[in-house]
Amino acid sequence: NQIINKCVYTVLGIDMEGQKDILGTWISENEGASFYASICSDIK
């Protein structure tokens, strides 16, 4: 067995009525601003 560290980004949206919705989940090898920027681009 092997343990591998990964970074998981989960984006939660909340509308004007307070309803919560998961907009997406992304898995990356590591944390970083460039990957976060690609997530922001994906959810536009």
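Each value in this text was obtained by applying a stated rule to the coordinates, not by laboratory testing. Everything quoted here is computed from the prediction, not taken from an experiment.
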message: Suppose only helical runs count, i.e. DSSP H with n ≥ 4. What mean residue ellipticity at 222 nm does that imply for the chain under -39500 (n - 2.57) per run, divided by all residues and rounded to the nearest 500 deg cm²/dmol?
response: -6500 deg cm²/dmol
task: Step through the residues of region 8-18 one at a time and calculate ³J(HN,Hα) from phi using the Karplus curve (6.51 cos²θ - 1.76 cosθ + 1.60, θ = phi - 60°), rounding each to whole Hz and writing x for Gly and Pro.
output: 10, 9, 10, 9, 10, x, 10, 7, 5, 8, x
task: Quick one, can you get me the convex hull of the C-alpha atoms of the chain expressed as volume per residue in Å³?
output: 86
